[in-house]
1. Considering only region 56-71, I want to know if a residue exists there that is within 30 Å of Gly125 (Cα to Cα) and within 17 Å of the chain's Cα centre (by Cα).
2. Does Ala109 meet the test of being buried (at least 22 other Cβ atoms within 10 Å of the Cβ), under 22 Å from Gln26 (Cα atoms) and either at pLDDT 95 or above or not charged (D, E, K, R) (or both)?
3. Name every residue in region 15-45 that is closer than 19 Å to Gly179 by Cα, in contact with a helix residue (DSSP H, G or I) (Cβ under 9 Å, 6 or more places away or on another chain) and not in a strand (DSSP E or B), in order of residue number.
4. Out of region 11-39, which residues are among the hydroxyl-bearing types (Ser, Thr, Tyr) and buried (at least 17 other Cβ atoms within 10 Å of the Cβ)?
5. If you check Leu153, Leu149, Leu157, which single one turns out to be out of contact with any Ser or Thr (no Cβ under 7 Å at 6 or more places or on another chain), part of a strand (DSSP E or B) and closer than 24 Å to Pro211 by Cβ?
6. Within region 193-224, which residues are assigned to a loop (DSSP other than H, G, I, E, B) and either crowded, with 22+ Cβ neighbours inside 10 Å or under 19 Å from the mean Cα position of the chain (by Cα) (or both)?
7. Could you please give the count of residues in region 182-192 that are within 13 Å of the chain's Cα centre (by Cα) and assigned to a helix (DSSP H, G or I)?
8. Please specify each residue of region 169-181 satisfying the condition of being closer than 11 Å to Leu149 by Cα and assigned to a loop (DSSP other than H, G, I, E, B).
Amino acid sequence: MNELLSVDNLQAGYGDHPVVRDLCLQVHAGEVVALLGPNGAGKSTTLLTLAGDLSPIAGVVRMFGADSTDPLHRRARRGMALVTEERSVLMGLTVAENLRLGRCDVARAIALFPELERLMNRRCGLLSGGEQQIVTLARAIAREPRLLLADELSLGLAPLVVRRLLETVRQAADEDGIGALLVEQHVSQVLRIADRAYVMDRGRIVFSGDPADVARHIGTTGMSSSHGAQQ
């Protein structure tokens, strides 16, 4: 399989104080990988470090086959897309303007989310939270990235919207070969569409495997509810 992201013995945190220790993971083309764990486990710190928003304290991050120390904007130019837990749409602009400003394929965005077509002339500030996140994800995927990193894509959204977003990530992996690493609070939903998952606790990977094995592990450690693995 084509390896898009490989992380070896990563230490990450703030200043000289590591929050994440000895972390190893991989993401391949066409693969959806979930990163789960309780509050404070270090999931968001991990994702921001992999995206280039934070500098690692130690360890190696390889992206697209080469060691990467590039900042976020350079990784984005090489084919990485980052969706943060904060809505990234420009509220005063319409959906169409947000998509064009994101330099994405608007036709592809509408193909991914046909419901956007009726919203194209509506300002994003008038959309629901779910609709705003649909615009955010559509814009990210329609840029045709090779690797998608998403931090709490479903934060605060209704289960039906969560399902819609996650199924679109799965579709993009299957149809376009995108590799995706998802930090996600809706454990059962993300395991339904993931190929593999890692479980973090106190800054370390404590378990990894296929969705069925991870679901059993989480069930035995008291993290089985849909919100049990929040950042």
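The values are calculated or read from the model by the stated rules, or taken from the named source; none is laboratory data. All of these numbers come straight from a predicted model, not from anything done at the bench. Positions of Cβ are generated from backbone atoms using ideal geometry, with glycine treated the same way; all protein chains shown enter the neighbour counts.
1. Checked region 56-71: no residue is within 30 Å of Gly125 (Cα to Cα) and within 17 Å of the chain's Cα centre (by Cα).
2. no
3. Passing the criteria: Ala29, Gly30, Glu31.
4. Scanning region 11-39 gives no hits.
5. Details: Leu153 fails: part of a strand (DSSP E or B); Leu157 fails: part of a strand (DSSP E or B).
Checking each option against the conditions leaves just Leu149.
6. Ala194, Asp195, Gly203, Asp210, listed by residue number.
7. Number satisfying all stated conditions: 1.
8. Residue satisfying the conditions is Ile178 alone.
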